[in-house]
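The values are calculated or read from the model by the stated rules, or taken from the named source; none is laboratory data. What you see is a predicted model; the values in this text were computed from it and never measured. Here the Cβ is made from the backbone with ideal geometry for all residues, glycine too, and neighbour counts use every protein chain on show.
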Amino acid sequence: MVLLRRFRGANNEGVLALVLLALIVAMSIANPTFFSLNTAFSILRSSIVPVIFALGVLIVVITGGIDVSFAAIAIFAGYSTVTFCLNAGFDPGLPGIFAIAIGVGAALGFINGIVIAQFSLPTLIVTLGTQGVFFGAMYTYVGASYYADLPRSMAALATSNLFDVTTDTGRAYLHVLVVPVLLLCLAVAWVLKRTMFGRSLYAIGGDIEAARRAGFQVKRTQISVYMLVGALAAIAGVIHIVLSRSANPRDLVGGELDIIAAVILGGALIFGGRGSVIGTVLGVLLVQVIKNSLLLVGVPSAWLRTAVGVLLVLGVGVQAIAAHRDSRRMRVIQDLDAEHKQEQKVGS
Amino acid sequence: MSRKLTTRDETSLPNSGPLGQFNDQVASWTRRLVRPAGVHRGAGRMVVALLLAIALFTVLNPRVFLSPINLQNIAVAAPEIGIIAIAMMLVMLTGGIDLSLVAIANFSAITISTLHTAIAANDPDLANNLGIVIVLAGIAVGMLGGAFNGFLVSVVGITPILATLATMQIYNGMAIVWTGGSTLYGAPAVLGAIGQAAVANIPVLFVIFIITAVLVAVLVNRTALGRMIQLEGANPIAARYSAIPRRMVLMKTYTVGGLIAGLAGVLFLARNPTASADYGSSYVLLVIVIAVLGGTNPTGGFASVFGVVLATLTLQVVSSGFTAIRLSSYEYAIAQGVILIAVMIFDAVSSRRTKRPKKTNRAPRAGASTPQTALTRT
């Protein structure tokens, strides 16, 4: 029993892992071509960008906020960096490109953070507003053209693979960018679990007033959270451009809600204070596996949106009903205790 | 927040004696007369903003902006956005949010278009005769979508933003599957006639918008349900202890919201006899912007239908004014975002200033915020 509970995890990560496993087994039985190294690698490759986005969203959600501007920040940072490099005609190398993009992303995140923290405004509405501003600003001031030729260092990264395995179904490639994503996940998990900054995020999400009274610098933390999200989004934006081997300003924006859905499926509580990196990664993988398997089973990919929506209703609905039942159960136990005491009194 | 309520309660205490009653009646009449301008900060502010916007674009490019065609365009384009914004305002009044409204409107439009095409394939006359029935079916579909939202929010207990995020995906996904991602053509002739018609140079679409606004204003301000919606949004704990049936109120609010969104879907078709799954995808943001600009408090309890109508017109004026002075739609997107955030900051600063005189500012505010956070977690 204890073992079971431990496996279930604090945010139902175990349940999610089982669902994912069951889905993979079912898919492999339904269509044997699903169970191959090729599929696994391509699912991993398609999860690279969503996982980085999801890490950013997770951090915001833990503090009790929500950010819908991250996709706009990502494409703004990635696209303007590429535009800058191409127009200036020099290639600062990968570290340089990432540094510029992260700087731009963090600056945009700072705008979000300062507005939200300084005036304590609703995060959803502020980021909806800044999303429009960032997107419009990119088109108006940076440009709207599509670049098929990337700076040389980025183009080289696009074709470098970590593994190159030849199987009987064909060659399977594992993209090298899986490694930095894995490192990023570990880093975020470490920050959330082991640093004062990470614990203050949970504290703010749990109860902002309690956190303030306990001495946390709420405003400063909020600003750094949104800067961090901006930086993560910028990394995702650059990686997206690398993976798609072109810089298209129309990409990414519009897919925000899918990422948020994956994070919520991963067990993060929308009110803040709960959420883990493992759950988030599992949530993203689940969505990607469904995306991949719908096609293989022969369901048109148009059903994907509906499938994610239904999954979200089920996931959150079960949580909501469970929370409802828990709160009722506690009351019953208290009542029973009270009755018990009264009986004792009457008996004596 | 609480101050406003108490003053209203005090003045509505009944006086004894016939003279006192007469006095009360006069007082309530005058209050009704004064209230629209005085109490609703959203409405008063939007009147100024609307006049400013009109003046600005008149000065910048009077020939294009004041041309009858441009004004006609504003009056035809505003209703569909404004009606969805009113639905959003209604849901925000309970402290919730409904992201699925635009998806519901599209779903309703697609239903009408498909039904019409299916019937018209056999008998075109019958399809046009049944026009009203088909339109009502579309609105009913919208209502059903809203009712499902209400079920998820009130019975299952999912947070509104997540529930409607999910249903937005579901309705939108179903619409994509249904239409195969393409645009459907065809709508009952009645709708086309409504879209073209005008009463005294005012497009009928605009008249429908105003009628909807008046009906919702009556619902919110003059009925028991409206009062319960306001109280539920203003202070859910107080509402619970006042025996306000939370589930029933939320259920009805989201159902009415879906109904209004269905009506917006009808207007989509009346303006343009085409329906597609991803029509008006930018409306989701725009509608929230309009509702908040119109003085709707996103945390619930306070809103003004009049303010939302004015905010719709203001944004429509800004949009067409931007076109008149040759700015792109991306610059309009920037303007939208900047206006939204500027208004929110302005509200936050001005409400902070009114609270400041008390030196013990922190304690009551802290006390007020803790029960609210406690409640959202249950």
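Of the residues making up region A:166-180, at least one is of a type in the set (S, T, N, Q), touching a residue at least 24 places away in the same chain (Cβ under 8 Å) and more than 30 Å from A:F271 (Cβ to Cβ). Which residue pairs have Cβ atoms closer than 7 Å, lie 6 or more positions apart in sequence or on different chains, and pair a first residue in region A:130-155 that is within 11 Å of chain B (Cβ to nearest Cβ) with a second residue that is of a type in the set (D, E, K, R)? Every condition considered, the pairs that remain are A:G136/B:E331; A:T140/B:E331. Can you confirm whether region A:160-173 contains a residue that is under 29 Å from A:A72 (Cβ atoms), at pLDDT 70 or above and among the aliphatic types (A, V, I, L, M)? Among the residues of region A:160-173, not one is under 29 Å from A:A72 (Cβ atoms), at pLDDT 70 or above and among the aliphatic types (A, V, I, L, M), which makes the answer no. Candidates A:G309, A:G315, A:G298: the one that is more than 8 Å from chain B (Cβ to nearest Cβ) and within 17 Å of the chain's Cα centre (by Cα) is A:G315. Put simply, of A:D207, A:D251 the only residue that is among the charged types (D, E, K, R) and within 16 Å of A:G65 (Cβ to Cβ) is A:D207.
Checked against the criterion of being touching a helix residue (DSSP H, G or I) at 6+ places or on another chain (Cβ under 6 Å) and at pLDDT 85 or above, the candidates B:A348, B:A342, B:A324, B:A311 yield just one match: B:A311. Selection within region B:107-160: residues that are more than 26 Å from A:H324 (Cβ to Cβ) and within 14 Å of chain A (Cβ to nearest Cβ). The member of this set that is surrounded by the most Cβ atoms within 10 Å (Cβ to Cβ) is B:F107. State whether one or more residues within region B:81-90 are more than 15 Å from B:V216 (Cα to Cα) and modelled with pLDDT of 85 or more. Checking region B:81-90: at least one residue is more than 15 Å from B:V216 (Cα to Cα) and modelled with pLDDT of 85 or more. Residues in region B:57-67 that are in a helix (DSSP H, G or I) and closer than 14 Å to B:T323 by Cβ: B:F57, B:L60, B:R63, B:V64, B:F65.
Among the conditions (1) at pLDDT below 90; (2) over 17 Å from B:W178 (Cα atoms); (3) part of a helix (DSSP H, G or I), B:T117 misses just one, which is (2).
Scanning region A:54-90 for residues being among the charged types (D, E, K, R) and without any contact (Cβ under 8 Å) to a residue 12 or more places away in the chain gives a total of 0.
For region A:104-129, the candidate set comprises residues that are without any contact (Cβ under 8 Å) to a residue 24 or more places away in the chain and small (G, A, S); within that set, the residue that is nearest to the other protein chains (Cβ to nearest Cβ) is A:G129. Taking region B:290-313 as the range and being within 10 Å of chain A (Cβ to nearest Cβ) and surrounded by 24 or more Cβ atoms within 10 Å (Cβ to Cβ) as the test, the residues that pass are B:A291, B:V292.
Checking the structure you have, find out if any residue of region B:174-185 is crowded, with 21+ Cβ neighbours inside 10 Å, at pLDDT below 85 and more than 14 Å from chain A (Cβ to nearest Cβ). The answer is yes, given that some residue of region B:174-185 is crowded, with 21+ Cβ neighbours inside 10 Å, at pLDDT below 85 and more than 14 Å from chain A (Cβ to nearest Cβ).
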